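Structure record follows, encoded as structure tokens.
The values are calculated or read from the model by the stated rules, or taken from the named source; none is laboratory data. Because the structure is predicted, anything quoted here is derived from the model rather than measured. Using ideal geometry, Cβ is built from the backbone for each residue, glycine included, and neighbour counts are taken over all protein chains shown. Please note that ligands, DNA and RNA were not included when accessible areas were found on the heavy atoms of the full protein model with its side chains. Shrake-Rupley method; radii C 1.70, N 1.55, O 1.52, S 1.80 Å.
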Amino acid sequence: NTTSLRLAEQMVAEVIPDRVQSLIMSRIDTLYVTTKEALRTAAVIGGAFNINTLEAVFDPSEEEGAIGDSLEKLLQLDYVHREGDSDGASYRFKHALVQEVAYDSLPFARRRVLHRRIATYFEDTNTGQLEPLYEVLVHHYSGCGDNEKILGYGVKAAGKARQVFAHEEAIAYYRRALDALGKIGGETVSQRSYIIEHIGDCYEGSGQHTQAAKAFS
């Protein structure tokens with residue numbers, strides 16, 4: 001009957017991804033240690049990554065040329081593909097699930113360390129021109145639990161979204177900033193009021209007047 005068919009489809013939908021993930025994980029486990037760590041570090045950077053960033057945040061104890069060799073191996077295995085031919089070549093994971101499995105295979109503490117390294121690298125190498133990276137910095141500082149940075153970049157990312165009338169996105173970033181503010185402790189009424197007022201303005205700007213009223217109240 002229809003109910004049984006739906007249950008069967010649901011079970012298949014749940015089982016197949018698990019099997020695929022297990023297969024991907026088993027393939028990753030067979031990689032040479034440096035290649036595996038390069039893949040997992042790249043997964044923390046994101047779906048697309050630059051070789052310069054990967055080299056900067058990778059384990060400095062590795063021998064020179066290890067990253068280049070590892071990337072060539074990952075290209076051969078079809079894990080990633082190259083998007084540029086310059087010295088600062090960019091790469092992208094061919095499948096989001098590969099990135100997801102590689103990321104999840106890292107211990108939580110290691111992920112936090114890498115997220116902080118990546119965020120710091122982006123700040124240090126893009127001084128004075130961080131605006132295009134506000135969202136990326138919120139992501140990586142969220143990954144390492146730095147609430148001071150989440151607050152600062154969250155508000156900036158929200159303001160950037162408001163400039164192009166992306167009100168829902170702005171609200172999401174303001175709420176992340178508000179959550180970070182609460183975790184920091186010692187928050188001032190003015191800081192909290194500033195963020196809530198802007199959330200209300202975003203609701204008002206998108207025509208959600210009831211939600212705006214709730215935010216302002």
- May I ask you to derive the FRET efficiency for ALA48 and SER206 from their Cβ-Cβ distance with R0 = 35 Å, giving the value to the nearest 0.05? 0.70
- Debye equation applied to the C-alpha atoms of the stretch 143-195, log10 I(q)/I(0) at 0.15, 0.20, 0.24, 0.30 Å⁻¹: -0.37, -0.64, -0.85, -1.13
- Query: Nearest 0.05, what FRET efficiency do ARG175 and HIS95 give at R0 = 35 Å with Cβ-Cβ as r?
  - Reply: 0.70
- Mean separation of Cα pairs under 8 Å and 6+ residues apart, divided by the residue count of the chain: what relative contact order is that in percent? 13 percent
- Item | Dipole of the chain [Lys/Arg +1, Asp/Glu -1 at C-beta], most positive-end residue of LEU181, GLN211, TYR121 | GLN211
- Note on the structure: Checked against the positive end of the charge dipole of the chain (+1 on Cβ of Lys and Arg, -1 on Cβ of Asp and Glu, about the Cα centre), the farthest of ALA89, GLN99, CYS202 is CYS202
- Message: Sort 112-120, 207-215 by the packing proxy (mean of other Cβ within 10 Å over each peptide's residues), most packed first.
- Response: 112-120, 207-215
- Query: Roughly how many nanometres apart are two label points built 7 Å out from the Cα toward the Cβ at GLN129 and LYS183?
  - Reply: 3.1 nm
- Query: Relative contact order for the stretch 103-167: what is it in percent, counting Cα pairs under 8 Å that are at least 6 residues apart?
  - Reply: 30 percent
- At a 1.4 Å probe radius, which order do THR30, THR188, THR35 fall into by accessible area, largest first? THR30, THR188, THR35
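Go ahead and run the numbers for FRET between SER193 and ARG110, Cβ-Cβ distance against an R0 of 35 Å, rounding to 0.05.
0.35
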- What longest region of the chain stays clear of GluC sites (Glu not before Pro) that DSSP places outside H, G, I, E and B and that have at most 12 other Cβ atoms within 10 Å? 84-217
- Please report, as a whole percent, how much of the solvent-accessible surface of the chain comes from carbon and sulfur atoms (probe radius 1.4 Å). 52 percent
- Taking only Cα atoms, what is the 0 to 90° angle, nearest 10, from helix 167-184's long axis to the longest principal axis of the chain? 90 degrees
